[in-house]
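To start, the structure itself, in C-alpha cells.
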Amino acid sequence: MMLGAALIASALLLFGWNRAEDENAGQQAAIMLQRVQETIPEKKMEPAKLTVTEIGGYEYIGYVSIPRLEVELPVMAGWDYDRLKIAPCRHFGSPESDDLVIAAHNYKNHFGRLARLKAEDVVLFSDMEGGSSTYAVRSVTRVEPTDMEAVQNSGYDLVLYTCAFSGDQRIIVGCERLAEDKTAPSGGDV
C-alpha cells in the first residue's frame, strides 16, 4: 500500500514538474519572440534567408508562425536540449536550400499540437532581416525516434518535428514552400 501511494505521489510530482516546465518554456519563448520581432527591420518582399542574430546570449534565425495552431515562436540558430527548453531550434538546413528542419519539444506552448495540422495548412517562416517564406503542409507522419533519415532527407522544403506525447515516436510535418506569386492556401480556422 505504501509503495502504491509513493508511486502515485511520484507520478503527480512528475506531472506537476512537466506542467511547470511547459509553462516556463512558453513564457520564455514569448519574451524571446518579442525581442526577435523587435530586432527585425521592416518586412521585405523577399524569401527568407538564413541570417543569425544574437539576442540575450543566444543566436536566432527568425520565427515560425502556424496560424491553425495559433502558434508563433522564435527559432534558435542551433539546437541542444537546453535550448529546446526555451524555443524551437534549427536542427539542419536553411530556407535558401529548401531543407530547413526545425525541432521543438512537445510542450503545448511549443510544437505539442503539431499532429493537428492538415494538408494545405499554412506555416510561415520570417528571418532576422525581414524576409519571409510561406509553406503549405503536405504531410503529417509519425516515425521512430531513431529515423533521422526521415527528418534530415525528407525532400520537403521545411520540416517541423517533435516527440509524440508518449515519447516513443516523432511527429514529422513536411511542408512545401509556395511560389511567391501564388496565393497561399487559407490555412484553416485561426
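Among the residues of segment 67-81, is there at least one that is among the small types (Gly, Ala, Ser) and modelled with pLDDT under 95? Checking segment 67-81: at least one residue is among the small types (Gly, Ala, Ser) and modelled with pLDDT under 95.
Can you find even one residue in segment 4-25 that is modelled with pLDDT of 80 or more and not polar (S, T, N, Q)? So far as segment 4-25 goes, no, none of its residues is modelled with pLDDT of 80 or more and not polar (S, T, N, Q). Among the residues of segment 59-84, those identified as under 12 Å from the mean Cα position of the chain (by Cα) and in a strand (DSSP E or B) are Gly62, Tyr63, Val64, Ser65, Ile66, Val71, Glu72, Leu73, Pro74, Val75, Met76. Would you point out the residue of segment 34-66, among those that are under 10 Å from Asp127 (Cβ atoms) and small (Gly, Ala, Ser), that is modelled with the highest pLDDT? Ranking the qualifying residues of segment 34-66, first place goes to Gly62.
Condition test on Gly174, is it small (Gly, Ala, Ser) and either modelled with pLDDT under 90 or not in a strand (DSSP E or B) (or both)? For Gly174, the condition - small (Gly, Ala, Ser) and either modelled with pLDDT under 90 or not in a strand (DSSP E or B) (or both) - is not met.
Could you say whether any residue in segment 61-68 is among the small types (Gly, Ala, Ser), over 20 Å from Val173 (Cβ atoms) and in contact (Cβ under 8 Å) with a residue 12 or more places away in the chain? No; the residues of segment 61-68 include none that is among the small types (Gly, Ala, Ser), over 20 Å from Val173 (Cβ atoms) and in contact (Cβ under 8 Å) with a residue 12 or more places away in the chain.
Filtering segment 101-115 to residues that are in contact with a His (Cβ under 9 Å, 6 or more places away or on another chain) and over 13 Å from Tyr60 (Cα atoms) leaves Val101, Ala103, Ala104, Phe111, Gly112. Could you list, in sequence order, the residues of segment 114-139 that are surrounded by fewer than 18 Cβ atoms within 10 Å (Cβ to Cβ) and touching a Leu at 6+ places or on another chain (Cβ under 7 Å)? Within segment 114-139, Arg116 is the sole residue that qualifies. Of all the residues in segment 31-58, those that are surrounded by 13 or more Cβ atoms within 10 Å (Cβ to Cβ) and in contact (Cβ under 8 Å) with a residue 60 or more places away in the chain number 12.
Does Ile66 satisfy the condition of being touching a Leu at 6+ places or on another chain (Cβ under 8 Å) and either hydrophobic (A, V, I, L, M, F, W, C) or buried (at least 18 other Cβ atoms within 10 Å of the Cβ) (or both)? Judged against the criteria, Ile66 is a match.
The residue list Arg177, Arg83, Arg142 contains one member that is of a type in the set (Lys, Arg), free of Cβ contacts under 8 Å to residues at least 40 places away in the same chain and under 17 Å from Tyr63 (Cβ atoms), which is Arg83. Inclusion of Val122 among residues that are under 18 Å from Leu84 (Cα atoms) and among the aliphatic types (A, V, I, L, M) is not warranted.
The values are calculated or read from the model by the stated rules, or taken from the named source; none is laboratory data. Here the structure is a predicted model, which means the values were calculated and not measured. Quick reminder, even Gly has a Cβ in these numbers, built from the backbone with ideal geometry, and neighbours come from all protein chains shown.
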